[in-house]
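**Q** After the structure tokens below, expect a handful of questions from me.
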Amino acid sequence: MSVDRLPALRQPTDVLHGELVDAAATPGRIDLTRWLANHQPSAVADVGLLHDLAGDVARFAEASRAAGTIRKYDAGWDALLSWCARFGFDPGPPTPIEVVALYLAQMVRDDLAISTQDGRLAAIRDRHLAAGLLPPTDDPRFRRIRDGVRRLHGRPVEGKAAVTLPLLAAMLATRPAGPPPGPDAPLEQRREHLAALRDRCLLSLGFFAGLRREELAGLPVDHLQPVQEGLRLLIARSKADQTGRGRHVDLPEAPAELAAICPVRTTVAWLDAAGRREHLHRPGRRRTGTIPVLSGISVGARVRATALSDRYVAETVKQAARDAGQPPEVVDTLAGHSLRAGLATALEAAGVPQTVIARILGHATGTTGRYIRHAFDGAAHHALYTYATRVLGTI
């Protein structure tokens, strides 16, 4: 072939975001139904089995992302659709790169956090990949705009405040266990007793195990195993472990003087009251993961069979802090993640190496430091106050 007949090589910057991606690079584009229609199997082949296998492939592709990620992407795409509707733009896919650039500028004007912007752009990218299209967010021209946004509007990320040990103790004190009410006690009294035991378990277990709120809300009873020292938790799957390698968290029983905040005591007390202690894991027994540790309580003072929503974890943290006398300004800084951040902060203050903290929290390299909050250090000012009292007396 002569040189003048060679096809022109396209540079990466020449690739348009609306073009089809190579099907081999986009598993979400596999259409087995159409492929099977065009590749007739032999007469003796089990066609029904092939279609069943095609269904399995579709299910596997869907399972490649967590349900929470799917919800996040759907919400992000819906946000773009709403914005496009205001101006009569066609959102696609493919979404014109000009539309995405204008939408990004709108998000900046709306003062959305960089992480929120990233989430919505990831939704746009995912929708294009699912359609077999090159995403506009990958275009070098858009990346340059994105870099400018980060340079001009990036700001430090402030995580939710950590629950300190004194605050944890105060929060648990607002949920006193007390003796169980008798069967003839009013329903409301029995409900309050069960709710107090459950919330004590939620707060202490969430703190000392350092669980994410979705891990805590969905923790099954048979993922807890009694051992001589206390309890061993199996976290079978998590945000950082989508393939289910799992990790263990060992919780020793606290000394008697810390019985009020002991995660082992509060967990066992709740499981006893809920009638679920018998479902704790035993060696040799198959884990089913069907019975949750934490559940709601019916009007009739019965423990529900379903797991709590992870939103309830955050609500309980806030409400317990409010009940403990924390002002609204402090309550607003707390969330479900405050328990996890509290453990990381307390472990660091106790001199535990970050490598050990990372193992307990199930963190990837370099992540743990973001969970450790600077402890309030007022020692210098307390010394100043003491000096001022000597100089000024009572004002």
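**Q** Please specify each residue of segment 332-355 satisfying the condition of being of a type in the set (Gly, Ala, Ser), over 18 Å from THR174 (Cα atoms) and assigned to a loop (DSSP other than H, G, I, E, B).
**A** ALA350, GLY351
**Q** Being of a type outside the set (Lys, Arg), open to solvent by 20 Å² or more (accessible area, probe 1.4 Å) and assigned to a helix (DSSP H, G or I) is the filter here, so list the residues in segment 98-112 that pass it.
**A** GLU98, ALA101, LEU102, ALA105, GLN106, VAL108
**Q** Only one of GLY218, GLY206 is at pLDDT below 90 and among the small types (Gly, Ala, Ser). Can you tell me which?
**A** Values: GLY206 fails: at pLDDT below 90.
One residue alone meets the criteria, GLY218.
**Q** So how many residues does segment 179-192 have that are open to solvent by 50 Å² or more (accessible area, probe 1.4 Å) and part of a loop (DSSP other than H, G, I, E, B)? Walk me through it before giving the result.
**A** Narrowing segment 179-192 to residues open to solvent by 50 Å² or more (accessible area, probe 1.4 Å): 179-180, 183-184, 186-192.
Narrowing the set further to residues that are part of a loop (DSSP other than H, G, I, E, B) leaves 179-180, 183-184, 186.
Final tally of qualifying residues: 5.
**Q** Let me ask you something else. Report, by residue number, each residue of segment 76-95 that is open to solvent by 60 Å² or more (accessible area, probe 1.4 Å) and among the hydrophobic types (A, V, I, L, M, F, W, C).
**A** Across segment 76-95, the qualifying residues are LEU81, ALA85, PHE87, PHE89.
**Q** Hey, another quick one. List the strands (runs of 3 or more DSSP E) inside segment 218-331, counting only whole elements, that have at least 3 residues being farther than 19 Å from GLY342 by Cα. Reasoning before the result, please.
**A** Working: elements: 224-227, 230-235, 247-252, 295-297, 303-307.
Ranges flagged: 224-227, 230-235, 295-297, 303-307.
**Q** Those residues that are closer than 15 Å to ALA122 by Cα and either open to solvent by 50 Å² or more (accessible area, probe 1.4 Å) or assigned to a loop (DSSP other than H, G, I, E, B) (or both), I need them from segment 43-68; list them, please. Break it down stepwise before answering.
**A** Start the filter on segment 43-68 by keeping residues that are closer than 15 Å to ALA122 by Cα, which leaves 65-66, 68.
Listed by number, the residues that qualify are ARG65, ALA66.
**Q** Here's a follow-up. Does LEU251 fit the bill of being closer than 25 Å to GLY362 by Cα, modelled with pLDDT under 90 and in contact with a Leu (Cβ under 6 Å, 6 or more places away or on another chain)?
**A** For LEU251, the condition - closer than 25 Å to GLY362 by Cα, modelled with pLDDT under 90 and in contact with a Leu (Cβ under 6 Å, 6 or more places away or on another chain) - is met.
**Q** Hey, another quick one. Being open to solvent by 30 Å² or more (accessible area, probe 1.4 Å) and either closer than 12 Å to LEU271 by Cβ or modelled with pLDDT under 90 (or both) is the filter here, so list the residues in segment 221-233 that pass it.
**A** Hits for segment 221-233 are PRO226, VAL227, GLN228, GLU229, ARG232.
**Q** Could I ask something else about it? Quick one: which residue in ARG322, ARG276, ARG304 is modelled with pLDDT of 90 or more, in contact with a Gly (Cβ under 6 Å, 6 or more places away or on another chain) and of a type in the set (D, E, K, R)?
**A** ARG304
**Q** Okay, moving on. Pick from segment 113-163 the residues that are in contact (Cβ under 8 Å) with a residue 40 or more places away in the chain and among the basic types (Lys, Arg): which of them is least open to solvent (accessible area, probe 1.4 Å)?
**A** Only one residue fits best here, namely ARG146.
**Q** Looking at segment 298-342 only, could you name the residues that are aliphatic (A, V, I, L, M), free of Cβ contacts under 8 Å to residues at least 60 places away in the same chain and surrounded by 13 or more Cβ atoms within 10 Å (Cβ to Cβ)?
**A** If the condition is that a residue be aliphatic (A, V, I, L, M), free of Cβ contacts under 8 Å to residues at least 60 places away in the same chain and surrounded by 13 or more Cβ atoms within 10 Å (Cβ to Cβ), then VAL331 is the only one that fits.
**Q** Test each condition in (1) out of contact with any Ser or Thr (no Cβ under 8 Å at 6 or more places or on another chain); (2) assigned to a helix (DSSP H, G or I); (3) modelled with pLDDT of 80 or more for THR389 and report the one that comes out false.
**A** (3)
**Q** Spot the failing condition for HIS281; the list is (1) at positive phi; (2) in contact with an Asp or Glu (Cβ under 8 Å, 6 or more places away or on another chain), and only one is missed.
**A** (1)
**Q** Consider ILE297 carefully, then state whether it is more than 20 Å from PHE208 (Cβ to Cβ), at pLDDT 90 or above, touching a His at 6+ places or on another chain (Cβ under 7 Å) and among the β-branched types (Val, Ile, Thr).
**A** So ILE297 does not fit the description; no.
The values are calculated or read from the model by the stated rules, or taken from the named source; none is laboratory data. Keep in mind that this is a model prediction, so the values were computed, not measured. FYI the Cβ positions are ideal-geometry reconstructions off the backbone, even for glycines, and counts take in every protein chain you see. SASA here: full protein model, heavy atoms, side chains in, ligands and nucleic acids out. Shrake-Rupley method; radii C 1.70, N 1.55, O 1.52, S 1.80 Å.
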